[in-house]
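**Q** Would you mind keeping the following structure in view while I ask a few things?
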Amino acid sequence: MLRKVSITGILMFVSPGSLFQLVVGIILCIGFGFSAAWFQPYVSGTANIFKVGTEVTLLVTLVLAVMLKIDLSTETMPCVPWGDDESASACGTSFIGVVMFLTNTVVPGVTMAMGVFTEGLTYNIEFLEDMSEEVGETENPLRNLDRSESKEFELTDGESDDPTDGSPPTKSTE
């Protein structure tokens, strides 16, 4: 929540539309990106990898916005083969636009795929156990789960447990 407030709320009051605003945004993105990589705030490793990828995407987008703010007419930039007039500034802005598009689509997709392939879509049950012991008030239903042997589910209200007999579950008359 602090990241959202900093990057969207507070940053809009820092010299709106200036290069300084972009530089402050870049510094905030670097700080929040490193903190997300260091502290890994999510239970899932896939979510942590995706978070760092999206932070990198935002950082690159802000750096490209700085490039759009400065005069690129004196710089040699590659031209994109479609829609450019031959002026140097048009080549630079269209190239930056293509790079920005690729950055905002490819990087999050690659980090999501990388997270799924390296971490999978798993969930760390031990984390829930640790959290419920620290909080104390929250009852964790998985705390007493014995993962060493597989058990079948037991029906405790007297229902029939044979799913092949075709009859609806019946209650015992005990």
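**Q** Say whether the condition of being in a loop (DSSP other than H, G, I, E, B), out of contact with any helix residue (DSSP H, G or I) (no Cβ under 6 Å at 6 or more places or on another chain) and under 19 Å from Thr118 (Cα atoms) is met by at least one residue in the range 16-23.
**A** No, that holds for no residue.
**Q** May I ask you to list pairs of residues, at least six apart or on different chains, whose Cβ atoms are under 9 Å apart, with the first in the range 1-29 being over 22 Å from Asp71 (Cα atoms) and the second being surrounded by 14 or more Cβ atoms within 10 Å (Cβ to Cβ) and acidic (Asp, Glu)?
**A** Partner pairs satisfying both residue conditions: Arg3/Glu55; Cys29/Glu55.
**Q** Being more than 21 Å from Val24 (Cα to Cα) and either assigned to a helix (DSSP H, G or I) or modelled with pLDDT of 85 or more (or both): is that true of Met77 here?
**A** When the stated conditions are applied, Met77 does not pass them.
**Q** On the given criteria, is Thr57 under 27 Å from Gly17 (Cα atoms), modelled with pLDDT of 70 or more, in contact with a Leu (Cβ under 7 Å, 6 or more places away or on another chain) and surrounded by 12 or more Cβ atoms within 10 Å (Cβ to Cβ)?
**A** No: the conditions fail for Thr57.
**Q** Got a sec? Which of Gly45, Gly17 is at positive phi and either surrounded by fewer than 18 Cβ atoms within 10 Å (Cβ to Cβ) or β-branched (Val, Ile, Thr) (or both)?
**A** When all the criteria are applied, what remains is Gly17.
The values are calculated or read from the model by the stated rules, or taken from the named source; none is laboratory data. Everything numeric in this text was worked out from a predicted model, so none of it was measured. Heads up, the Cβs are rebuilt from the backbone with ideal geometry, glycines too, and the neighbour counts pull from every protein chain shown.
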